[in-house]
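One structure is given here, and the rest of the page talks about it.
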Amino acid sequence: MGMNIAEKILAAHAGADTVKPQDVVEVTPDTIVLIDVNFQIPSMGWEFLRIADPERVLVVFDHYVPAKDIASASAHRLGREFVRKFGIKRFHDVGLRQGISHQVIGEEGYALPGDILVCVDSHTCSAGAFNAVARGLGTAEVTSATCLGKTWFQCGETVRYELEGRIAEFVAPKDVFLHLANVYGAHTLQNMEFHGPVVEHWEIDERRALATMCAEVGVEFALFPCDRKLEHYLHARGRSGFSPVMPDPDARYAAERRIDVSGIEPMIALPHQVMNNCKPAGELNDVKVDQCFIGACCNGTLEDIRIAAQIVKGRKVADGVRFIVTPASQNVHRQAIEAGYVGTLLEAGAIMTSATCGACGGSALGVLAPGERAISAGPRNFKGRMGSPDAEIFLGSSASVAASALTGRITDPRSV
Amino acid sequence: MADRIQSRVWKFGDGINSDLILPGHAISRPIPDQRKYVFEANRPGWAAQVQPGDVIVAGFDFGVGSGRPTPRVLKDAGISVILAESFNGLFLRQCVNFGLPIMQCAGVRALFEEMDPVEVDFDAWCAVNRRTGRRVEANTLPEMLKRTMLTGGVVPFLISQGYIREAVPLRPA
């Protein structure tokens with residue numbers, strides 16, 4: 001019996017001929033991403049005295065940029081001291097090449113086909129778009145992996161999705177994900193592997209948007225194949241010499257699902273979870289919103305800002321609505337300015353923030369008051385996530401969020 | 001940590017997530033204070049009622065969400081074991097690493113009422129309702145993970161081996 005993508009990558013790193021579901025493997029990750037959160041000591045991290053291999057470690061500040069209080073400023077300072085002490089070469093401090101770690105991993109080509117990449121953050125499954133095994137480990141395990149140079153995985157079952165059909169205008173990977181999350185719900189302890197013409201059609205950022213969202217159905221790894229588009233993307237970033245990992249023809253899957261995306265509409269996740277809890281945007285037009293947010297690890301890309309600008313061009317944000325746009329990196333921000341998107345958004349009444357996780361985590365830049373309601377292009381809508389536990393968070397694509405900003409109600413972007 | 005635990009049960013539903021366990025605003029508070037905010041959004045007042053050794057019985061996808069140190073704050077609140085229909089993979093890993101014993105038991109939720117006395121046995125991988133006498137089998141964990149989970153997790157090892165230090169005061173540069 002053959003292996004799927006995740007099993008092959010795990011087996012190659014474990015030095016095993018085969019890996020199957022339930023097997024526990026010990027592996028050396030190729031890349032360990034530390035973020036500012038890891039230096040929130042003692043609440044989220046510990047002081048490192050010895051680490052295994054500085055060459056495999058990179059540091060990105062993303063959750064609190066720029067620092068919002070003494071605690072986050074102290075975390076940044078400890079992070080900079082860590083970088084100096086251990087001679088970390090790949091460091092994305094506040095400034096030129098900073099961004100949300102999952103975005104930066106793409107921009108810099110830090111995750112390559114066949115790699116294993118780990119980070120504390122649950123949305124690290126994002127890097128599955130690069131044909132890599134990637135996931136969040138939590139605070140203790142990423143610390144342990146940094147110190148010991150190794151970690152473990154218990155291989156889960158894999159569900160294979162074949163995305164077919166013609167995707168409608170203004171329907172984004174986010175909408176496809178919310179459709180899947182609504183129909184199939186939890187993928188606890190499972191991997192999701194995506195194939196098909198729709199995947200081939202999507203740009204790498206769009207694949208990454210879908211991969212990132214998979215954290216919300218509890219996935220272990222989200223996996224995409226390596227195709228010419230991904231090879232080109234990585235070559236453009238100076239990366240070569242990698243080996244694509246494709247599933248064996250007789251690979252085993254817990255389920256194989258063919259999804260015709262043609263009928264998928266712009267979808268919205270209702271408060272307070274995405275699993276089995278989504279509706280088409282067109283059915284929610286009665287829902288008024290106070291805040292509209294585009295950004296975060298899944299949807300702060302140039303394409304998200306482009307489509308938002310296209311939708312609001314020449315129009316104004318509705319009275320009483322706050323429209324916050326947070327680019328996922330400084331690089332995205334610069335490109336959005338050059339393309340004129342930022343000017344268009346500001347003219348309409350949006351505000352642009354620094355490149356950070358921002359309003360998604362509720363710690364800064366767009367916190368919700370009790371009784372308020374937001375539509376967010378971020379990945380997560382848990383109760384209390386963006387501030388008050390008495391606020392409500394709806395999730396949608398950047399197009400849906402931009403359309404809603406114009407009307408002050410949850411709006412299908414095809415209707416504005 | 002004993003392999004056998006006797007205690008009383010608090011019942012929770014499906015999808016108990018990381019942000020309910022440890023709200024974002026609580027992360028920047030001193031660790032000893034964080035336990036006051038556990039479940040403040042879904043079960044206000046619970047943190048003041050829970051007693052050392054208490055057990056949580058919950059539904060599916062317990063712990064879904066972020067990589068924040070949720071098992072630590074549950075331990076600090078007094079929880080000795082969590083029994084659930086299923087656990088999120090990241091949360092499971094965190095429980096191994098922070099030494100919070102958990103057991104995945106199909107059907108566990110129907111077996112217990114709130115405040116029922118419970119006995120949990122990690123040698124036999126089962127839980128027993130001491131009021132009704134009914135028993136539920138658990139999915140086992142690989143021996144290596146079980147050992148780490150029942151002996152306080154990975155952090156004490158990293159500290160004892162000189163890899164990390166718990167707290168660092170910021171000094172003038």
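The values are calculated or read from the model by the stated rules, or taken from the named source; none is laboratory data. The structure displayed is predicted, hence computed values, not measured ones. We place every Cβ from the backbone using ideal geometry, glycine too, and count neighbours over all the protein chains shown. We work out accessible area using only protein heavy atoms, side chains counted, and drop any ligands, DNA or RNA first. Shrake-Rupley method; radii C 1.70, N 1.55, O 1.52, S 1.80 Å.
Residues of region A:144-168 that are more than 23 Å from the chain's Cα centre (by Cα) and closer than 24 Å to residue A:118 by Cβ: A:144, A:147, A:148, A:149, A:150.
Scanning region A:173-201 for residues that are away from chain B (no Cβ under 14 Å) and either charged (D, E, K, R) or within 18 Å of residue A:125 (Cβ to Cβ) (or both) yields A:173, A:174, A:175, A:176, A:177, A:178, A:180, A:193, A:194, A:195, A:199, A:200.
Could you say whether any residue in region B:86-96 is of a type in the set (Lys, Arg) and within 13 Å of the chain's Cα centre (by Cα)? Yes.
Kindly establish whether residue B:100 is within 13 Å of chain A (Cβ to nearest Cβ), in contact with a Lys or Arg (Cβ under 9 Å, 6 or more places away or on another chain) and under 20 Å from residue A:143 (Cβ atoms). Judged against the criteria, residue B:100 is a match. The residue that is farthest from the other protein chains (Cβ to nearest Cβ), among those in region B:1-28 that are among the β-branched types (Val, Ile, Thr) and out of contact with any Ser or Thr (no Cβ under 9 Å at 6 or more places or on another chain), is B:9.
Of all residue pairs spaced 6 or more apart or on separate chains, those with beta-carbon atoms under 6 Å, a first member in region B:58-69 that is more than 9 Å from chain A (Cβ to nearest Cβ) and a second member that is of a type in the set (Gly, Ala, Ser) and open to solvent by 10 Å² or more (accessible area, probe 1.4 Å) are B:59/B:13. Of the residues making up region A:141-153, those that are at negative phi and open to solvent by 10 Å² or more (accessible area, probe 1.4 Å) are A:148, A:150, A:152.
Highlighted here are the helices (runs of 4 or more DSSP H) found entirely within region A:154-258 that include at least 1 residues which are of a type in the set (A, V, I, L, M, F, W, C) and either open to solvent by 60 Å² or more (accessible area, probe 1.4 Å) or on the phi > 0 side of the Ramachandran plot (or both): A:173-184. Residues in region A:339-351 that are crowded, with 18+ Cβ neighbours inside 10 Å and within 25 Å of the chain's Cα centre (by Cα): A:341, A:342, A:345, A:350. It is to be established whether one or more residues within region B:102-125 are buried (at least 18 other Cβ atoms within 10 Å of the Cβ) and within 30 Å of residue B:29 (Cα to Cα). The answer is yes; a qualifying residue exists. Here the strands (runs of 3 or more DSSP E) wholly within region A:319-416 that include at least 3 residues being more than 14 Å from every other protein chain (Cβ to nearest Cβ) and closer than 21 Å to residue A:278 by Cα are A:373-376. Here residue B:31 clears all of (1) open to solvent by 10 Å² or more (accessible area, probe 1.4 Å); (2) facing chain A (nearest Cβ under 7 Å); (3) at pLDDT 95 or above except the condition numbered (3). Among the residues making up region A:107-140, those that are assigned to a helix (DSSP H, G or I) and either more than 8 Å from chain B (Cβ to nearest Cβ) or surrounded by fewer than 24 Cβ atoms within 10 Å (Cβ to Cβ) (or both) are A:107, A:108, A:123, A:124, A:125, A:126, A:127, A:128, A:129, A:130.
Scanning region A:290-317 for residues that are open to solvent by 10 Å² or more (accessible area, probe 1.4 Å) and assigned to a loop (DSSP other than H, G, I, E, B) yields A:290, A:313, A:314, A:315, A:316, A:317. Selection of region B:127-151 for residues being within 14 Å of chain A (Cβ to nearest Cβ) and of a type in the set (Lys, Arg) yields B:146, B:147.
Among the residues of region A:14-33, some residue qualifies, meaning at least one is under 30 Å from residue A:156 (Cα atoms), in a helix (DSSP H, G or I) and in the same structural domain as residue A:189 (by TED's automatic domain parsing). Of all the listed residues (B:48, B:26), the sole one being aliphatic (A, V, I, L, M), more than 18 Å from residue A:217 (Cβ to Cβ) and open to solvent by 40 Å² or more (accessible area, probe 1.4 Å) is B:48. Residue A:68 falls short on exactly one of the conditions (1) in contact with a Ser or Thr (Cβ under 8 Å, 6 or more places away or on another chain); (2) part of a helix (DSSP H, G or I); (3) within 13 Å of chain B (Cβ to nearest Cβ); (4) open to solvent by 10 Å² or more (accessible area, probe 1.4 Å), and that condition is (2).
Considering the conditions (1) open to solvent by less than 20 Å² (accessible area, probe 1.4 Å); (2) not in a helix (DSSP H, G or I), residue B:95 is excluded by exactly one of them, (2). Among the residues of region A:46-65, not one is under 18 Å from residue B:24 (Cβ atoms) and either surrounded by fewer than 18 Cβ atoms within 10 Å (Cβ to Cβ) or over 22 Å from the mean Cα position of the chain (by Cα) (or both).
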